[in-house]
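The values are calculated or read from the model by the stated rules, or taken from the named source; none is laboratory data. Note that the structure is a prediction, hence the values are computed from the model and not measured. Using ideal geometry, Cβ is built from the backbone for each residue, glycine included, and neighbour counts are taken over all protein chains shown. Note: accessible area is taken over every heavy atom of the protein model, side chains too, but ligands, DNA and RNA are not part of it. Shrake-Rupley method; radii C 1.70, N 1.55, O 1.52, S 1.80 Å.
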Amino acid sequence: MAGHDRIAWRDMDSFAVMCGVCRHQMTPREYGRAMESVTPCCPCCGARFNPGCALHHDIYFSD
């Protein structure tokens, strides 16, 4: 939809995700840890992540 190929984020130490509530920037590592919790949410403010994001996590974040 964005007009470019889907490429997994490979630099695990740079910012890749930002919380839509508090604007906290997360590295793929930090985001991955947050996604593994029972209730995926921002580690800074606790706002829940969009549940639909889990559906395409593997497209953008490599293991």
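Key figures
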{"item": "CYS45 accessible area, assembled protein chains, probe 1.4 Å, Å²", "result": "60 Å²"}
{"item": "By accessible area with a 1.4 Å probe, ligands and nucleic acids excluded, highest first: order of VAL38, VAL21", "result": "VAL38, VAL21"}
{"item": "Ellipticity estimate at 222 nm from DSSP helix runs (n ≥ 4, -39,500 (n - 2.57)) divided over the chain, nearest 500", "result": "-4500 deg cm²/dmol"}
{"item": "Spin-label pair HIS57/HIS24, simplified geometry with 7 Å Cα→Cβ offset, distance in nm", "result": "1.7 nm"}
{"item": "Extent along principal axes [Cα atoms of region 1-57; Å; largest to smallest]", "result": "32, 24, 20"}
{"item": "Size of charge dipole - the chain - debye, nearest 20, with Cβ of Lys, Arg +1 and Asp, Glu -1, no other charges", "result": "220 debye"}
{"item": "Heavy-atom SASA rank of MET26, MET18 (probe 1.4 Å, accessible area, largest first)", "result": "MET18, MET26"}
